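Heads up, the thing below is written out as structure tokens.
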Amino acid sequence: MSKTIFELENLSYSYLNKFPALVNINLKIESGEKVALLGANGTGKSTLLHILDALVFPDTGRIRFFGRDLNENAFNDEKFSREFRRRVGLVFQSPDVQLFCPTVKEDIVFGPLQLGVTQNEIKKRMDRLIEILNIRDFINRQPHQLSVGEKKKVSIASVLIIEPEVLLLDEPTAGLDPATCRQLLDLIDDFHAQGKTVITATHDLHMVPELAEGLRILNKERTITADGSCQEILANQDLLKQNNLVHIHKHRHDGSWHKHPHQHSPT
Ligand SMILES: Nc1ncnc2c1ncn2[C@@H]1O[C@H](COP(=O)(O)OP(=O)(O)OP(=O)(O)O)[C@@H](O)[C@H]1O
Ligand SMILES: [Mg+2]
């Protein structure tokens, strides 16, 4: 039987109390779900992941994690805070936010060392991720010397090595080459097949059928406007158009230009 991991009720959040980022969000995420948060730029996807990762707390409304309120108070409890960080991992949209150690290797082992994982176990997990993500060549380099895609791979490794129960991914495929993208999608699949939960923010409809079974759409009012299966939502062209999620393609046919929305197959 599935359990509710996150439950958000009438949750709102503004930056500096004047830039609204989330408005009256109601959301339930069940254990084992593979869900994508879809929305145009600036609709609150990253902020919602930061709320789920308890990096920021709501101005109004509430968020519960396995029934417990997530607020500053909960994180004053060191045991809870440590347990939460072990169970939930976030890959940030920008790898520059995630990577702060002098070398790639130190960045990757930082999380599990903080959480008290044994050296042997860390080495085992790291060797596996190095192979899968093909990052051996730059393991001893400084993260800021890497390309964007290389940094992204390191930030993904630094979260997966914790083996969290809930994986929060912010635009995980952005900047990755096609082969690396495929490896990441396979990693996410394996992770989900172990009964774990994956919540991905994206506006890349091409990736959605692989990243998610369920979708939630955030609209320009920065609230959830649709909640359904991948199949249902990707088949609803009007909804996708209203939310800036359909590409308009411009082609040249017989010497003249034509524009039409790009169709996405839900399967
Ligand atoms: N540090 C900040 N200070 C002020 N406003 C912010 C800040 N970060 C985000 N915002 C605002 O909050 C809203 C939601 O931003 P958020 O980054 O969550 O959107 P997003 O859906 O992830 O966008 P994108 O697709 O571009 O990544 C936007 O209107 C944005 O301008
Ligand atoms: Mg974002």
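The values are calculated or read from the model by the stated rules, or taken from the named source; none is laboratory data. Just so we're clear, the structure is a prediction, and the values are computed from it rather than from any experiment. In this analysis, Cβ positions are derived from the backbone assuming ideal geometry, glycine residues included, and neighbour counts consider all displayed protein chains.
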Task: Residue among Leu215, Leu187 that alone is buried (at least 16 other Cβ atoms within 10 Å of the Cβ) and within 22 Å of Glu121 (Cβ to Cβ) - done: Leu187
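Residues Leu8, Leu55: which one is within 16 Å of ligand 1 (Cβ to nearest atom), under 30 Å from Ala193 (Cβ atoms) and exposed (fewer than 15 other Cβ atoms within 10 Å of the Cβ)?
Leu55
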- [ ] Filter the range 228-267 down to the residues that are touching a helix residue (DSSP H, G or I) at 6+ places or on another chain (Cβ under 6 Å) and modelled with pLDDT of 70 or more, then identify the one that is surrounded by the most Cβ atoms within 10 Å (Cβ to Cβ).
- [x] Cys230
- [ ] At least 2 residues that are more than 16 Å from ligand 1 (Cβ to nearest atom) in each: list the strands (runs of 3 or more DSSP E) lying fully within the range 164-236 that qualify.
- [x] 166-170, 197-202, 224-229
- [ ] Could you run through the range 114-143 and say how many residues are closer than 21 Å to Ala179 by Cα, of a type outside the set (Asp, Glu) and not in a loop (DSSP other than H, G, I, E, B)?
- [x] 8
Open item on the list: Tell me whether the range 39-47 contains one or more residues that are in a helix (DSSP H, G or I), in contact with a Gly (Cβ under 6 Å, 6 or more places away or on another chain) and either within 30 Å of Ala226 (Cβ to Cβ) or among the charged types (D, E, K, R) (or both).
Closed with: yes
Task: Every residue from the range 22-51 that is more than 8 Å from ligand 1 (Cβ to nearest atom), surrounded by fewer than 23 Cβ atoms within 10 Å (Cβ to Cβ), closer than 13 Å to Asn219 by Cβ and of a type outside the set (Val, Ile, Thr) - done: Asn24
Task: Given (1) within 30 Å of Glu83 (Cβ to Cβ); (2) at pLDDT below 95, index of the condition Gln145 fails - done: (1)
Open item on the list: Among (1) surrounded by fewer than 15 Cβ atoms within 10 Å (Cβ to Cβ); (2) within 16 Å of ligand 1 (Cβ to nearest atom); (3) under 20 Å from Leu185 (Cβ atoms), there is one condition Val97 misses while meeting the rest; what is its number?
Closed with: (3)
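Quick check on Gly111: is it outside any loop (DSSP other than H, G, I, E, B), closer than 25 Å to Lys45 by Cβ, among the small types (Gly, Ala, Ser) and in contact with a Leu (Cβ under 8 Å, 6 or more places away or on another chain)? Don't jump to the end; show me each part of the working.
Numbers: outside any loop (DSSP other than H, G, I, E, B): yes; closer than 25 Å to Lys45 by Cβ: yes; among the small types (Gly, Ala, Ser): yes; in contact with a Leu (Cβ under 8 Å, 6 or more places away or on another chain): no.
So Gly111 does not fit the description; no.
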TODO: Name the single residue, out of those in the range 94-116 being in contact (Cβ under 8 Å) with a residue 12 or more places away in the chain and aliphatic (A, V, I, L, M), that is nearest to Ala201 (Cα to Cα).
DONE: Leu99
TODO: Scan the range 9-54 for residues that are small (Gly, Ala, Ser), in contact with a Leu (Cβ under 8 Å, 6 or more places away or on another chain) and within 12 Å of ligand 2 (Cβ to nearest atom) and jot them down.
DONE: Gly39, Ala40, Gly44
